[in-house]
Every structure is written in C-alpha cells, then in structure tokens.
1. For Phe91, list long-range residues whose amide hydrogen, built 1.01 Å from N in the peptide plane, is under 5 Å from its own amide hydrogen.
2. Give me the net charge of Glu58's neighbourhood, meaning all other residues with Cβ under 14 Å from the Cβ of Glu58; Lys, Arg count +1, Asp, Glu -1.
3. Using 0.36 nm times the number of residues separating Leu55 and Glu23, minus their current alpha carbon distance, what extension gain do you get?
4. Output ³J(HN,Hα) for the stretch 93-106: one whole-Hz value per residue in order, computed from phi by the Karplus curve 6.51 cos²θ - 1.76 cosθ + 1.60 with θ = phi - 60°, and x for Gly and Pro.
5. Give a residue-ordered list of calculated ³J(HN,Hα) values for the stretch 14-23 (Karplus: 6.51 cos²θ - 1.76 cosθ + 1.60, θ = phi - 60°; whole Hz; x for Gly, Pro).
6. Which length gain, in nm to one decimal place, applies between Ser42 and Asp3 when the Cα-Cα distance is subtracted from 0.36 nm times their residue separation?
7. Quick check on the chain: what does the Kirkwood estimate of hydrodynamic radius come out to from the alpha carbon pairs, in Å?
8. In whole percent, what relative contact order does the chain give with Cα contacts below 8 Å and a gap of six or more residues?
Amino acid sequence: MTDKKVTRLRRARKARLKMHELEVVRLCVYRSSQHIYAQVISADGSKVLASASTLDKELRDAATGNIDAAKKVGLLIAERAKVAGITQVAFDRSGFKYHGRVQALADAAREGGMEF
C-alpha cells in the first residue's frame, strides 16, 4: 500500500474507534475515482441499514465521478435512511478530506433530513 492510503486508513480507524465507543449509527462514505458510495451502518457494525451509490440504476446513466452525482447520492441515502427510520447518524468520511464530493454528499444528506 502507498503511504497516502495508509495514512487515510489510519485516520479512518481512529474515527471509527470513537464512533464504536459512542455506539452510534454511522453514515459511511467511500470515494473512488469514478464513483461514490454511502452506507448507513448499525451501531455495532454488523448490519447495513441503507445504502446508495452512483452505481444505482437511477444514477448510473449520468456522470458518476463529480459533485452533482455526490449530491444525488446524498439525497438518496437520506431518503432511504428515513424509510428505515434513521435520522441521527455520525458521519464517517473513511479518512477522506472533508471537501469536494465528500462534502457535497454530506450537505445533501443534511438537506434530505439526516442529522450529524
């Protein structure tokens, strides 16, 4: 693994340890070069309660690696989490910097009714 990935995973592990300690439901985001993924994971980490990504049928046809796509995923995950009865989450950015697509997804999820 590269040093960049190792440091990102170290940051992610540190944040996840705190979320596990607090026993909160988390909104986990993963960003690749072409897609962005979001999952709402139970407090104990054993179950995915809701998920959305740019690979979903309704989002796949448009561009998938930009800020607009991240906003759509944010709104979609908020909608699916609301259906599952979840509004309060902790934002797990998986060690990625909070800007660009990650920030766009988070802002859109807040607009969709999620609180974090």
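1. Those lying under 5 Å, H to H, from Phe91 are Leu27.
2. Numbers: positive: Lys57, Arg60, Lys71, Lys72, Arg80; negative: Asp56, Asp61, Asp68, Glu79.
Surrounding charge for Glu58 is +1.
3. 8.6 nm
4. 8, 6, x, 6, 5, 8, 7, x, 5, 5, 5, 4, 5, 5
5. Per-residue couplings from phi come out as 5, 5, 5, 4, 5, 5, 5, 4, 7, 6 Hz.
6. Values: separation 39, 0.36 × 39 = 14.04 nm, distance 3.01 nm.
Length gained, Ser42 through Asp3: 11.0 nm.
7. Values: mean 1/r = 0.0708 Å⁻¹.
Value: 14.1 Å, from the Cα pair sum.
8. Numbers: 204 pairs, mean separation 33.5, N = 116.
Relative contact order of the chain: 29 percent.
Read the figures in this text as sums done on the coordinates, not as results from a lab. From a predicted model like this one, the values you see are computed outputs, not experimental measurements. Note that we place each Cβ from the backbone using ideal geometry, even for glycine, and neighbour counts take in every protein chain shown.
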